[in-house]
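Asker: This is the structure, below, for whatever I ask next.
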Amino acid sequence: MALIVFSGFALFDAAVRREDAYRAADKKTKPFWLIILGIAFVVNLLFPILSFLPIIGLIATIVYMVDVRPAIRALPGGGRSNRGSSSDGPYGPWNGGR
């Protein structure tokens, strides 16, 4: 059960990140990680933990969580889809001196 939750969280996290953030962090592409993590999630649903395939899925999920996710989160904006306004500065929105 824990593997299903872990791989599901990684799949959801990969889905909400911007596609360009993966390229900016030099970590393959978003579709690549969605496919890998989606397969890992389905394998964890279908096979028991003592079989060989869930272990491979667990390794892929761990690689995403300890390597790809921190690299994307380190980017400005955290790789999330909400980009904010074009007038936002480093300390919040710029109001033009009003």
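The values are calculated or read from the model by the stated rules, or taken from the named source; none is laboratory data. Values in this document were obtained by computation on a predicted structure and should not be read as measured data. Glycine gets a Cβ as well: all are built from the backbone with ideal geometry, and neighbour counts include every protein chain shown. Remember, those area values only see protein heavy atoms, side chains included, never the ligands or the DNA or RNA. Shrake-Rupley method; radii C 1.70, N 1.55, O 1.52, S 1.80 Å.
Asker: Multiplying the sequence separation of L75 and F12 by 0.36 nm and subtracting their Cα-Cα distance, what value in nm do you get?
Answerer: Gain in length upon complete extension: 20.8 nm.
Asker: Could you calculate the FRET efficiency of L50 with A24 from 1/(1 + (r/R0)^6), where r is the beta carbon distance between them and R0 is 25 Å, rounded to 0.05?
Answerer: Once the sixth-power term is evaluated, E becomes 0.05.
Asker: Separate question: Using a probe radius of 1.4 Å on heavy atoms only, what accessible surface per residue do you get for the range 1-66? Whole Å² is fine.
Answerer: 59
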